[in-house]
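Chemist: Dropping the structure in here first, questions after.
The values are calculated or read from the model by the stated rules, or taken from the named source; none is laboratory data. Just so you know, these numbers come straight off a predicted model, no measurement behind them. When we count neighbours, we look across all protein chains shown, and the Cβ atoms used for this are built from the backbone with ideal geometry, even at glycine.
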């Protein structure tokens, strides 16, 4: 059968559409209501047989675009479509709003609605959000198990998407993966209590900073009950060729997917001890605090980021399917892809490891090194987290990143550089102590990765040197006569670095 298309829209866009409707009806602005009021209103309208949205509704072009999307779904039918994914889902009303907009457009067989929880705060709120939905009699009665999804286990069916990119940019890698792990545990428990089949959709990226890494390892580290014979993941465009470029490679990739899902279903990992959970919670909190201290609280860090990386130059390339920012503002408004993309180009990859070193060193200082080493050996989740960090650190190059800073970072920002380098040193030292190895990727299991990195990544060094010099000339010269030649050279270096590193952003 032909592949089904997903539709994806941010939750505020749906709220804007309902604002237009409720304002037209003299009910005030929907977006200003309390969550309880929103849920009650949406539920009543979902039960109602009368139409809600007038055909001649006066609204902005942005609202009209949202309403036209639902009209298109009603006209075409849902057979060409898979899921309607709601980005930045924060509450139960975000999900009910999409169900109501489908109903009002006349969609006969509703598209399955998939909430996407992305930031650290949203992941923490995800279980409560789904609990409220499952307790809503209309919502639970109208859940179904679509024919394209294998009906393994309970019915009705609920799909939930988990975002790895934004949670990592928001809180750092370590806090992100632990938050995702806990959210899955809670969602599994809630769905079991309500006798609902839960399917988790993992929005992982190509790079480790956005949830990427070996799929087999990632699947086996999922909490018990979160893989039930079925699993959905994203495969980023930048790595499709790597995993599916040849039929033999594609077959091997699907074999890895299949065996990992079967193993995780039939022999799920045991629950970690309470001691391990307590330490992991402390690691998460400490790493998040340190990450946010560096990224969000350091004065002029935004200026440092834009000076030390090709963030500005990358915006001039015709890359990606979405804007670099959701709205105007600082790093908090920057999308996760360009954020990670820029750091990858300089070989520093700060978003992956920032905060980890401080957290691990604090536990070591508290006398918990032996426990950390036991966690690494006995707990698949912690082991996969550490080994992915280890792989990224092996690709990180202080000398190359320092060359960018020497050429591009003004003197008044050099103090930030020292804080960044200190955290990187702490992280490398901490990871080596946890694994008990004197070098990164020093065990036999990682010999292939070590060989690949040692042979391929050094070939990227001259490309980085060229890129840094081209960036310096582009920034220093006011509209140089050979601007296009310089920018074309920059674009080629971006491709070269991405190929050598194995991912973009």
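Chemist: Any idea which residue in segment 399-408 is surrounded by the most Cβ atoms within 10 Å (Cβ to Cβ), counting only those that are under 17 Å from residue 344 (Cα atoms) and touching a helix residue (DSSP H, G or I) at 6+ places or on another chain (Cβ under 7 Å)?
Modeler: Per the criteria, the residue is 404.
Chemist: Can you name every residue in segment 30-47 that is in a loop (DSSP other than H, G, I, E, B) and out of contact with any helix residue (DSSP H, G or I) (no Cβ under 9 Å at 6 or more places or on another chain)?
Modeler: We begin by selecting, within segment 30-47, every residue in a loop (DSSP other than H, G, I, E, B); these are 33-34.
Residue satisfying the conditions is 34 alone.
Residues are listed down the side, and each one gets a yes or a no for (1) in the same structural domain as residue 84 (by TED's automatic domain parsing); (2) in a helix (DSSP H, G or I); (3) within 28 Å of residue 286 (Cβ to Cβ); (4) at pLDDT 95 or above:
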position	(1), (2), (3), (4)
115	yes, no, no, yes
129	yes, yes, yes, yes
145	yes, no, no, no
154	yes, no, no, no
169	yes, yes, yes, no
186	yes, yes, yes, yes
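Residues are listed down the side, and each one gets a yes or a no for (1) free of Cβ contacts under 8 Å to residues at least 40 places away in the same chain; (2) within 26 Å of the chain's Cα centre (by Cα); (3) crowded, with 16+ Cβ neighbours inside 10 Å:
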residue: 46; (1), (2), (3): no, no, yes
residue: 78; (1), (2), (3): yes, no, yes
residue: 84; (1), (2), (3): no, yes, yes
residue: 88; (1), (2), (3): no, yes, yes
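Chemist: Pick out, from segment 211-302, the helices (runs of 4 or more DSSP H) lying fully within it that include 1 or more residues that are closer than 18 Å to residue 180 by Cβ.
Modeler: Values: elements: 215-220, 237-244, 247-266, 274-292.
Counting at least 1 such residues, we get 215-220, 247-266, 274-292.
Chemist: In this structure, does residue 405 turn out to be part of a helix (DSSP H, G or I) and either in contact with a strand residue (DSSP E or B) (Cβ under 8 Å, 6 or more places away or on another chain) or within 19 Å of residue 178 (Cα to Cα) (or both)? Talk me through it step by step, then tell me what you get.
Modeler: Numbers: part of a helix (DSSP H, G or I): yes; either in contact with a strand residue (DSSP E or B) (Cβ under 8 Å, 6 or more places away or on another chain) or within 19 Å of residue 178 (Cα to Cα) (or both): no.
Taking the combined requirement at face value, the residue does not satisfy it.
Chemist: Residues in segment 313-328: is at least one touching a helix residue (DSSP H, G or I) at 6+ places or on another chain (Cβ under 7 Å), at pLDDT 75 or above and assigned to a helix (DSSP H, G or I)? I'd like the intermediate steps shown before the answer.
Modeler: Start the filter on segment 313-328 by keeping residues that are touching a helix residue (DSSP H, G or I) at 6+ places or on another chain (Cβ under 7 Å), which leaves 313-314, 316-317, 320, 324-327.
From what's left, at pLDDT 75 or above: 313-314, 316-317.
Then drop every residue that is not assigned to a helix (DSSP H, G or I), which leaves 313-314.
Yes - at least one qualifying residue is present in segment 313-328.
Chemist: Is there a residue in segment 11-29 that is touching a strand residue (DSSP E or B) at 6+ places or on another chain (Cβ under 7 Å) and either more than 15 Å from residue 52 (Cβ to Cβ) or assigned to a strand (DSSP E or B) (or both)? I'd like the intermediate steps shown before the answer.
Modeler: Initial filter on segment 11-29 (touching a strand residue (DSSP E or B) at 6+ places or on another chain (Cβ under 7 Å)): 11.
With either more than 15 Å from residue 52 (Cβ to Cβ) or assigned to a strand (DSSP E or B) (or both) added as a condition, the list becomes 11.
Within segment 11-29, one or more residues are touching a strand residue (DSSP E or B) at 6+ places or on another chain (Cβ under 7 Å) and either more than 15 Å from residue 52 (Cβ to Cβ) or assigned to a strand (DSSP E or B) (or both).
Chemist: A further question follows. Mind listing whichever residues of segment 458-504 are farther than 28 Å from residue 352 by Cα and part of a loop (DSSP other than H, G, I, E, B)?
Modeler: 477, 478, 479, 480, 481, 482
Chemist: Something else: Give the residue that is farthest from the chain's Cα centre (by Cα), with candidates limited to residues of segment 492-505 that are surrounded by fewer than 16 Cβ atoms within 10 Å (Cβ to Cβ) and over 17 Å from residue 397 (Cβ atoms). Even if it seems obvious, please write down each step before you answer.
Modeler: Within segment 492-505, the first condition is being surrounded by fewer than 16 Cβ atoms within 10 Å (Cβ to Cβ), and the residues that meet it are 492, 495, 499.
Pick out the ones that are also over 17 Å from residue 397 (Cβ atoms) and you get 492, 495.
Working: 492: 27, 495: 22 Å.
The selected residue is 492.
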